[in-house]
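Working notes, beginning with the structure itself.
The numbers here are math on the coordinates, done by the rules we state, and not lab data. All values derive from a computational prediction rather than experimental measurement. Glycine also receives a Cβ, built like all others from the backbone with ideal geometry; neighbour counts cover every protein chain displayed.
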Amino acid sequence: MSSQPQPPRSAPTEPEAAGPTDLWTTVDALWSWLDADAAHGGREGLLLRVLKLSEEVGEVAQAVIGATGQNPRKGVTHTWEDVQGELCDVAITALVALRTLTPEAEGVFAGHLARVAGRSVGRVGEDGAGAR
């Protein structure tokens, strides 16, 4: 049996990739663009925007199946770079959905990330090694 393809260890970087400050400016611009052309508003629009995450996660699964050739009828149909792109789509969709819930999305996300990091890897500088 042949060995399974392994995902790359690091993703290539784009020369003009958005930094942390540009990330939230871009998320806000995407949110504005989507809201301006939304077919549904209010609670229904919010629910549909959050539901979009399920679609994007499904595309990640499809790309992983395609990159590993797990469908014998189709064989290898995707690359690990395709998986990376689909994972980025999930992250973008989640951030836009968060922005849909609150104009304070950047602060909400930063606070939540800090709490998750604090309970998972400890606080930087706490004991020099991070609590586990």
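What the table below lists for this structure:
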| quantity | calculated |
| --- | --- |
| Loop-resident sites, segment 39-81, for trypsin sites (Lys or Arg not before Pro), counting at most 15 other Cβ within 10 Å (DSSP) | Arg73, Lys74 |
| Length released on extending from Ser32 to Leu53, taking residue separation times 0.36 nm less the Cα-Cα span | 5.8 nm |
| Additional length obtainable on full extension of the chain from Ser120 to Gln70, 0.36 nm per residue less Cα span | 14.7 nm |
| Peptides 29-40, 97-108 ordered by average Cβ neighbours within 10 Å, highest first | 97-108, 29-40 |
| Positive minus negative residues near Val108 (Lys, Arg vs Asp, Glu; Cβ under 13 Å) | 0 |
